[in-house]
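Notes follow the structure.
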Amino acid sequence: MSGSALLSILISAPETGNGGFDLGRMMAIIIAAIFVNNFVLSRFLGICPFLGVSKQLDSALGMGAAVIFVMTLATLGSWTVYNLLLVPMELTYLRTIAFILIIASLVQLVEMILQKFSPALYQALGIFLPLITTNCAILGVAVLNIDEKYSLGYSLVNAIAAGIGFTLALVLMAGLRQRLELADVPPALKGKPVAFLVAGVMSIAFLGFAGLGG
Amino acid sequence: MSLMKDLTRGIYRENPIFKLALGMCPFLAVTTSVENAIGMGAAATFVLICSNFLVSLLRNLIPSKVRIPCYIVIIATFVTLVDMVMNAYVPDLHRSLGIFIPLIVVNCIILGRAEGFANRHPVMSSVADAVGMGVGFTLAMIVLASFRELLGNGTWLNISILGTAYRNQPLLIAILAPGAFILLGFILGFFSILEKRRGGGR
């Protein structure tokens, strides 16, 4: 297979075969993934890190960056394996097993590479990486991209936007929780219950984006 | 009767949702109706029982360095099985649960029980633990789903409870995403009051 043929496979949608980029559609995907179908607040993906890592603004940003990074790589890996390996060999039912293995080994690999080449970045992101393997947002975006039959380009855009949406929710939550420390919360609702109530109010705010971007 | 203790642990004392706050994503996402909650609960319980059984059976064979990848492969195998069976026999339920069926793989309850219980305990008590945890997870989902379906749709398990007048103008937010967060917040608050009462009585 020549290089250009390979490239055209990668860019074109697997089902329809029409290549190229549609800027309007891309914007719609970005806005949908960040605001309308925000991964945390409307799709309920990645709730565990959302609650666990949202106590400090710094760690929220670190976790968000790690998620965007791994999400993009995981999408690249899972899309390629699915469309170039599993579909031609008619093994699509192995999707779940293949994806989780890709994600787990990718996280491991990223951790090792970062440790070797960028100790500073490893210091910043390192503690979040093992948590990411079992973050359902990562597997979620990989599966969603396949279900939506996005081409590789759209899949990557969707993954990055979903990661940004996750980071946005996480950072907003961290800011609110830092304020919440000083608030006078009824004793019964201290801790997790009030975190969920705050998330609910944020989710109502994000409902306002419904219908945006088609 | 330690087997009985293993069985009942997950149902109340260490309920995965209300006490340990594990497995939140599918819990919040599929509790829009009691029917979905039961379907999801059954699927997760099946995977939990099978994976605990196999992990416990192989606990002396799996080298501890590669145990997590092994557990993930075991769990993913059963999830694929459930996915295919549900797709074949209950396609409507399969469609409404959507991506949360493949996402059972990353449900922290299942990996948590494999790592925290099944790899150190014999087969029988691991299965008992899995049944208890699965039932606890399902019951917790039914509780939240009951509130959401009743308030948001006026029904319970598709049976009309609050009448057509309410159904024409339901509290729609309970079924939408915010309702899950807010109702769960109140339920957790209720449990923490219960806990405090019990602590005060001692």
### Task
Taking A:I164 as the residue in question, decide whether it is open to solvent by 30 Å² or more (accessible area, probe 1.4 Å), of a type in the set (A, V, I, L, M), without any contact (Cβ under 8 Å) to a residue 12 or more places away in the chain and assigned to a helix (DSSP H, G or I).
no
### Message
Could you check segment B:69-97 and list, in sequence order, the residues that are within 7 Å of another protein chain (Cβ to nearest Cβ) and farther than 21 Å from B:F27 by Cα?
### Response
B:P69, B:V73, B:T77, B:M84
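Residue by residue, here is whether (1) in contact with a Ser or Thr (Cβ under 6 Å, 6 or more places away or on another chain); (2) within 12 Å of chain A (Cβ to nearest Cβ); (3) in a helix (DSSP H, G or I) holds:
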{"residue": "B:N60", "(1), (2), (3)": "no, no, no"}
{"residue": "B:I109", "(1), (2), (3)": "no, yes, yes"}
{"residue": "B:R113", "(1), (2), (3)": "no, no, yes"}
{"residue": "B:R120", "(1), (2), (3)": "no, no, no"}
{"residue": "B:V131", "(1), (2), (3)": "no, no, yes"}
{"residue": "B:V143", "(1), (2), (3)": "no, no, yes"}
### Summary
Picked from segment A:77-105 (must be buried (at least 17 other Cβ atoms within 10 Å of the Cβ) and away from chain B (no Cβ under 12 Å)), the residue nearest to A:N145 (Cα to Cα) is A:W79
### Matching residues, segment B:145-192, being surrounded by 16 or more Cβ atoms within 10 Å (Cβ to Cβ), away from chain A (no Cβ under 14 Å) and part of a loop (DSSP other than H, G, I, E, B)
B:G154, B:P170
### Query
What is the residue count in segment A:119-157 for residues that are in a loop (DSSP other than H, G, I, E, B), open to solvent by less than 30 Å² (accessible area, probe 1.4 Å) and either basic (K, R) or within 9 Å of chain B (Cβ to nearest Cβ) (or both)?
1
## Note on the structure
The number of residues in segment B:2-51 that are at positive phi and either open to solvent by 10 Å² or more (accessible area, probe 1.4 Å) or at pLDDT 95 or above (or both) is 1
### Message
Condition (residue is open to solvent by less than 30 Å² (accessible area, probe 1.4 Å) and either on the phi > 0 side of the Ramachandran plot or of a type in the set (F, W, Y) (or both)) applied to segment B:61-73: is it met by at least one residue?
### Response
yes
### Message
Being in a helix (DSSP H, G or I), at pLDDT 90 or above, under 17 Å from A:Q108 (Cβ atoms) and over 10 Å from the mean Cα position of the chain (by Cα) is the requirement here; does A:L73 meet it?
### Response
yes
### Summary
When (1) within 13 Å of chain B (Cβ to nearest Cβ); (2) more than 30 Å from B:I175 (Cβ to Cβ); (3) open to solvent by 40 Å² or more (accessible area, probe 1.4 Å) are applied to A:Q56, the one that fails is (1)
### Task
Go through (1) surrounded by fewer than 16 Cβ atoms within 10 Å (Cβ to Cβ); (2) in contact (Cβ under 8 Å) with a residue 12 or more places away in the chain; (3) within 14 Å of chain B (Cβ to nearest Cβ) one by one and return the number of the condition A:K190 breaks.
(2)
### Task
Among the numbered conditions (1) surrounded by 15 or more Cβ atoms within 10 Å (Cβ to Cβ); (2) part of a helix (DSSP H, G or I); (3) in contact (Cβ under 8 Å) with a residue 40 or more places away in the chain, tell me where A:L197 comes up short.
(3)
### Query
Got a sec? Which of B:Y166, B:Y71 is over 30 Å from A:N145 (Cα atoms) and modelled with pLDDT under 95?
B:Y166
### Message
Criterion first (within 11 Å of another protein chain (Cβ to nearest Cβ), part of a helix (DSSP H, G or I) and open to solvent by 70 Å² or more (accessible area, probe 1.4 Å)) does B:E195 satisfy it?
### Response
yes
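The values are calculated or read from the model by the stated rules, or taken from the named source; none is laboratory data. Since the structure is predicted, the reported quantities are computational estimates derived from the model, not experimental observations. Note that we place each Cβ from the backbone using ideal geometry, even for glycine, and neighbour counts take in every protein chain shown. Quick note on the areas: whole protein, heavy atoms, side chains included, nothing else; ligands and nucleic acids left out. Shrake-Rupley method; radii C 1.70, N 1.55, O 1.52, S 1.80 Å.
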